[in-house]
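For reference, the structure discussed in these notes is given below.
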Amino acid sequence: MSNKAPSYVEGHQLLAGKSVLITAAAGAGIGFSAAQRAVEEGASAVVISDIHDARLAQAVETLSALSPKTNVHGIRADVTQEQEVQHLVSTADDRVGGVDILINNAGLGGTRLLVDMTDEEWSRVLDITLTGTMRMTRAMLRLMQPRGSGVIVNNASVLGWRAQAEQCHYAAAKAGVMALTRCAAVEAAEFGVRVNAVSPSIAMHDFLRKTTPPELLEQLASREAFGRAAEVWEVANVMMFLASDYSSYMTGEVVSVSSQHP
């Protein structure tokens, strides 16, 4: 069995004419890859948000160079702050003439045994990963529902299904994202707005390498059927499908982006 990653998939104009807002999209993770894929899929405008000013500016510059047809904007925002969420959503909506697609990518992990975990560690992971997704979804639905259209794609995790030591806070948060996705989808359906989520197992990027012991990464990757971690763009590809009209009959779904059954 080969554990070599497949060739990069070229864009097919899945998001032609659409405007996209993505949180935590600066850097080298799934969020930036989703922004890159949105540009490559023909989005008319891509707004990215992050809390890191320098990385955000660099990401905007990089994305802008990919296609002259896509307007790229960067707006600094912290999803744990309701005022900043409101500013992000309203500013993005104004700049692009109405956001068609929201990708909630912001999240925070960590490694800690439950018996050693502080309230602060628990609360921070939940606040960014779950409550931040709720804040963004709530703000965006208030704009999308009156328009009668829109798509929201959340980033969950297979840890919402699987058990893993030292991941109580992150797993609980991601399970919450799954439940939030399903319930929000039911509420939004009558307004023509769809809400779905991806649930990646392990997607390799620089930040993950810096924050996770290499032996654990190797162990997790070896459990996958392909014997490797996903490339971040492989996760972003599924986000693009859920964001596009090809998934028009899907809502409230959590799609596992994994080669191992939960």
Contact list, first residue from segment 213-238 and touching a residue at least 40 places away in the same chain (Cβ under 8 Å), second anywhere and among the charged types (D, E, K, R) and assigned to a helix (DSSP H, G or I), beta-carbon distance below 6 Å, six or more apart or interchain, is Ala236/Arg37
Filtering helices (runs of 4 or more DSSP H) wholly in segment 198-262 for at least 2 residues that are modelled with pLDDT of 85 or more and under 19 Å from Gly42 (Cα atoms) gives 232-243
Out of (1) at pLDDT 95 or above; (2) part of a helix (DSSP H, G or I), the one Leu159 does not meet is (1)
By residue number, the members of segment 132-155 that are under 21 Å from Tyr246 (Cα atoms), surrounded by 21 or more Cβ atoms within 10 Å (Cβ to Cβ) and touching a Gly at 6+ places or on another chain (Cβ under 9 Å) are Met144, Gly150, Asn155
Taking segment 136-178 and keeping only residues that are over 14 Å from the mean Cα position of the chain (by Cα), within 22 Å of Ile22 (Cβ to Cβ) and free of Cβ contacts under 8 Å to residues at least 60 places away in the same chain, one is left with Arg138, Ala139, Leu141, Arg142, Leu143, Met144, Gln145, Arg147, Ser149, Gly150, Leu159, Gly176
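The values are calculated or read from the model by the stated rules, or taken from the named source; none is laboratory data. Predicted model, so just to flag it, every value in this text is computed and none were measured. Here the Cβ is made from the backbone with ideal geometry for all residues, glycine too, and neighbour counts use every protein chain on show.
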